[in-house]
1. Filter region 152-168 for residues that are more than 12 Å from the ligand (Cβ to nearest atom), surrounded by fewer than 17 Cβ atoms within 10 Å (Cβ to Cβ) and not in a helix (DSSP H, G or I) and give the result.
2. Inside region 336-358, can you point out the residues that are outside any strand (DSSP E or B) and out of contact with any Pro (no Cβ under 7 Å at 6 or more places or on another chain)?
3. Going through LYS361, LYS316, LYS333 one at a time, which residue ends up being part of a helix (DSSP H, G or I) and in contact (Cβ under 8 Å) with a residue 24 or more places away in the chain?
4. Please work out if ILE193 is among the hydrophobic types (A, V, I, L, M, F, W, C) and either closer than 16 Å to GLY271 by Cβ or in the same structural domain as LYS297 (by the TED database) (or both).
5. How many residues does region 116-155 hold that are more than 24 Å from the chain's Cα centre (by Cα) and without any contact (Cβ under 8 Å) to a residue 40 or more places away in the chain?
6. Kindly state which helices (runs of 4 or more DSSP H) lie completely within region 33-151 and contain at least 2 residues that are among the aliphatic types (A, V, I, L, M), modelled with pLDDT under 95 and away from the ligand (no atom under 13 Å from the Cβ).
7. Yes or no: LEU368 within 16 Å of the ligand (Cβ to nearest atom), within 30 Å of PRO191 (Cβ to Cβ), not in a loop (DSSP other than H, G, I, E, B) and not assigned by the TED database to the domain that holds ALA212?
8. For PRO224, indicate whether it is farther than 15 Å from ASN358 by Cα, surrounded by 16 or more Cβ atoms within 10 Å (Cβ to Cβ) and not assigned by the TED database to the domain that holds GLN87.
Amino acid sequence: MISATAGAMRLGGRRVAPRAASIVAAPVTRASVGQRTAMAQARYLSSTSRLSYALNTNPNPPLGKKNASNDAPSRIGLIGARGYTGQALIDLLNNHPNMDLQHVSSRELDGQELKGYTKRKVVYENLSPEDVARLDKDGKVDCWIMALPNGVCKPYVQALGQSSSVIVDISADYRFDNSWAYGLPEMLARPKIAQSTRISTPGCYSTGALLALNPILEHLGASPTIFGVSGYSGAGTKPSPRNDVALLHDNLLPYSLTGHMHEREINHHLGISSAFIPHCASWFRGIHLTLNVPLNKTMTSRDIRQIYQDRYAGEKLVKVVGEAPLVRAIQNKHGVEIGGFAVDKTGQRVVVCATIDNLNKGAATQCLQNMNLALGYGEYQGVPL
Ligand SMILES: NC(=O)c1ccc[n+]([C@@H]2O[C@H](COP(=O)([O-])OP(=O)(O)OC[C@H]3O[C@@H](n4cnc5c(N)ncnc54)[C@H](OP(=O)(O)O)[C@@H]3O)[C@@H](O)[C@H]2O)c1
């Protein structure tokens with residue numbers, strides 16, 4: 001397994017020269033992983049020192065446009081392009097100044113022209129792992145996106161082997177693999193993502209829950225409980241009870257009430273033991289999370305809200321609000337809203353609410369942030385803010 005950073009052939013940006021040229025130039029310009037990390041950290045520190053006082057409260061602020069090191073187009077291959085997350089990403093790539101979508105894969109739509117992408121004519125192909133490996137070897141693609149169901153992407157990743165191309169996986173398959181960067185830019189060191197060629201995009205519920213729990217972690221008194229409700233696009237396009245519109249009409253469907261994969265993901269990445277209880281609702285897109293959080297000391301709602309505001313100062317995709325946010329307001333938007341902060345009369349229990357659009361910040365927008373960081377563009381480039 002290639003490590004998340006070992007295959008990088010760039011200094012901050014990726015393939016600013018055409019592939020053949022970058023291969024020739026590699027021995028001269030290539031820096032060691034240590035050098036690249038030091039350079040990324042230097043860029044990161046110089047960017048943070050330029051930030052305003054308010055941003056100093058955020059230990060992991062956005063790198064900012066000035067850190068972008070690439071203004072050349074990158075060629076993108078999207079596997080699983082017919083699905084909900086693939087389509088949401090296509091919309092974003094269509095409006096990105098530097099992303100050049102060249103290959104889209106679907107078994108069902110093989111041979112049909114891709115709709116909704118206006119930069120060039122692209123036709124769906126049914127690409128096997130061997131096809132992907134061949135295109136990559138021929139230097140046709142800089143970045144592969146896997147938008148496949150869980151458990152399906154491994155043969156594609158294995159076929160790409162030690163390739164220096166960036167791979168961003170939207171499925172859960174590499175979220176527990178420490179040789180991949182876990183691509184949640186607001187929570188983890190952005191320079192690490194920027195230096196990686198193997199990035200797993202966190203799950204939709206997990207993104208909302210991790211961002212809603214991370215600021216209060218040091219004040220956790222016991223295991224939190226996370227009640228989640230998702231629109232039915234969260235279940236993908238393959239028919240199941242969770243996207244059966246007739247079953248969901250006037251209804252709420254509890255499922256995977258213990259041991260949901262996102263429960264493991266949240267606990268793994270925060271080092272806690274939370275309980276996650278998911279439900280599916282009749283709307284199409286958008287997630288609501290209500291988190292019950294026991295505290296290890298007495299706190300006020302105002303203290304807690306301030307902690308969140310400080311932690312996310314300068315973040316363009318995380319909004320801290322006073323009231324509990326509503327799912328209708330986050331649909332088709334690109335960030336996460338966190339609010340509520342209701343403290344009970346003991347002062348030792350807070351209820352926090354978060355909303356997220358599962359197809360945007362829960363999948364495609366976050367994937368684009370990761371692509372931007374790994375390919376050397378500004379993190380928010382192409383994201384409608
Ligand atoms: N939906 C969400 O809200 C959401 C949010 C975050 C993460 N995710 C994750 O993102 C991934 C994609 O989710 P989605 O909702 O976009 O799924 P989806 O709508 O069901 O789409 C799945 C895509 O994969 C292709 N596919 C299915 N089985 C395949 C196979 N065996 N080999 C090759 N291609 C195959 C399908 O196209 P063809 O059948 O035409 O080949 C389709 O393009 C999943 O791993 C999911 O867990 C989803």
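1. GLY161, GLN162
2. ASP344, LYS345, THR346, GLY347, ASP357, ASN358
3. LYS361
4. No.
5. 15
6. Those helices (runs of 4 or more DSSP H) span 33-50.
7. For LEU368, the condition - within 16 Å of the ligand (Cβ to nearest atom), within 30 Å of PRO191 (Cβ to Cβ), not in a loop (DSSP other than H, G, I, E, B) and not assigned by the TED database to the domain that holds ALA212 - is met.
8. So PRO224 passes the test.
The values are calculated or read from the model by the stated rules, or taken from the named source; none is laboratory data. Keep in mind it's a predicted model, so treat the numbers as computed, not measured. Neighbour counts run over all protein chains shown; Cβ positions are idealised from the backbone, glycine included.
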